[in-house]
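Below is one structure, written out as C-alpha cells; the observations come after it.
The values are calculated or read from the model by the stated rules, or taken from the named source; none is laboratory data. These numbers were taken from a predicted model, which means no experiment stands behind them. Every residue, glycine as well, gets a Cβ built from its backbone with ideal geometry; the counts of neighbours run over all protein chains shown.
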Amino acid sequence: MNVISTELPGGWRWVVDPQERRSLELELAREMPPKHLLFGRSARLLARHERRDDFLFRVGENEVAQVHLTWTAETDPFFPHTELHPSLEGWARTGGIMS
C-alpha cells in the first residue's frame, strides 16, 4: 500500500501490515447489517486509532468512512457507528473525532 501524503490527526496511524488490514476488513464485513450505510460497499482499511476502536476505510474512489467497530455481528443498521466524509483531507480536518 502506498502511504498517502495527508498527515493523520494525533493518535492515528497508517495500517501497512497486509494481515492486519485484511483481518480488520473482514471484521467490518462481519459487523455489517443490512441497511447499514456501508452494507454491500467495498471498503479498504487505511488507518486506525491507537487507543480507540476507530478505523478509517476508503469507500469508493474518494470517500472515507470512520467506523467504530463493535467486535460483534450487528443487527441495528446504526451500528457500527460510521461517519462518511467526501475525502481523506476533509476527514483529517475533523481531527479524527466522531460526532
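Scan the stretch 50-87 for residues that are crowded, with 19+ Cβ neighbours inside 10 Å and within 19 Å of Arg13 (Cβ to Cβ) and jot them down.
Scanning the stretch 50-87 gives Asp54, Phe55, Leu56, Phe57, Val64, Ala65, Gln66, Val67, Leu69.
When you look at Glu25, is it in a loop (DSSP other than H, G, I, E, B) and out of contact with any Phe, Trp or Tyr (no Cβ under 7 Å at 6 or more places or on another chain), yes or no?
Working: in a loop (DSSP other than H, G, I, E, B): no; out of contact with any Phe, Trp or Tyr (no Cβ under 7 Å at 6 or more places or on another chain): yes.
Criteria not met by Glu25.
Considering each residue of the stretch 52-92, count those that are on the phi > 0 side of the Ramachandran plot and at pLDDT 95 or above, and give that number. I'd like the intermediate steps shown before the answer.
In the first step, residues of the stretch 52-92 are kept if they are on the phi > 0 side of the Ramachandran plot; the result is 60, 71.
Filter once more, keeping what is at pLDDT 95 or above: 71.
Qualifying residue count for the region: 1.
Could you check the stretch 18-49 and list, in sequence order, the residues that are under 12 Å from Thr82 (Cβ atoms) and aliphatic (A, V, I, L, M)?
Within the stretch 18-49, Leu28, Met32, Leu37, Leu38, Ala43 qualify.
Right, Ala73: out of contact with any Cys (no Cβ under 6 Å at 6 or more places or on another chain), touching a residue at least 24 places away in the same chain (Cβ under 8 Å) and not acidic (Asp, Glu) or not?
Values: out of contact with any Cys (no Cβ under 6 Å at 6 or more places or on another chain): yes; touching a residue at least 24 places away in the same chain (Cβ under 8 Å): yes; not acidic (Asp, Glu): yes.
When the stated conditions are applied, Ala73 passes them.
Could we say that Leu45 is part of a strand (DSSP E or B) and not charged (D, E, K, R) here? Can you show your working first?
Numbers: part of a strand (DSSP E or B): yes; not charged (D, E, K, R): yes.
Spelling it out, Leu45 is indeed part of a strand (DSSP E or B) and not charged (D, E, K, R).
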